[in-house]
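This report refers to the structure that appears directly beneath it.
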Amino acid sequence: MIRFVFRFLGLVILALAFIFLVYDGTKSIAAGTLQMVEFGDMWNAVHADSLAAVQPAIERWLSPWVWDPVMLKILSSPTWLVLGIVGSVLVLLGRKKKPLIGYAR
């Protein structure tokens, strides 16, 4: 059951990544320059309070260096890239087991 949930969420997130890829491509073609929606901007537009709460939580529970180079790099990455990676990982976690051949375990 949990594999189905991972696979389903992964496919939904991959669909969102494709939507953002098309959106960025359309905006770039219309403007004549490369334009991409950063993940931090999208998160801020969807729910700004949670984005503001994540920084102190990461710095308190993990480490301050996780926020500064790691999370800031993720937040400045294109939305389609971040969602594509997360969706791909979830789809891989939710894939079906390979059938066993013979008696090999």
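Between residue 101 and residue 60, the C-beta separation translates, for a Förster distance of 41 Å, into a calculated FRET efficiency of about 0.25.
Computed over neighbours whose Cβ is under 13 Å from that of residue 39, the net charge equals -2, Lys and Arg +1, Asp and Glu -1. At a Förster distance of 30 Å, what's the computed FRET efficiency of residue 72 paired with residue 27, Cβ-Cβ distance as r, to 0.05? For residue 72 and residue 27, the calculated efficiency is 0.80. Matching the structure-derived P(r) over Cα pairs in 5 Å bins from 0, in percent against the labelled list [x] 2, 10, 11, 14, 13, 11, 13, 15, 8, 2, 0; [y] 2, 12, 14, 16, 17, 15, 10, 5, 4, 3, 1, 0, 0; [z] 2, 11, 17, 17, 12, 10, 8, 8, 8, 6, 2 gives the label [y]. Placing pseudo-labels 7 Å out from each Cα toward the beta carbon at residue 53 and residue 2 gives an inter-label distance of 2.5 nm. Annotation: amide H of residue 35 within the under-5 Å range of 28, sequence separation 5 or more or interchain, hydrogens built in the peptide plane.
Helix by helix, which DSSP H runs in the chain go 24 Å or more along their axis at the Cα atoms and have an average Kyte-Doolittle hydropathy of -1.0 or more? Intermediate results must be reported in sequence, preceding the final value.
On the way: long enough: 2-31 (43 Å, 1.69).
Qualifying helices: 2-31.
Given in Å, the Rg to one decimal and the Dmax to the nearest whole number for the Cα atoms of segment 38-77 are 10.0, 26.
Dividing the summed helix terms, -39500 (n - 2.57) for each DSSP H run of n ≥ 4, by the number of residues in the chain produces a 222 nm estimate of -22000 deg cm²/dmol to the nearest 500.
Read-outs throughout are calculated quantities, based only on the coordinates presented, and are distinct from any laboratory measurement. None of these values were measured; they are calculated from a predicted model. Here Cβ is always computed from backbone atoms with ideal geometry, including for glycine, and neighbour counts include all displayed protein chains.
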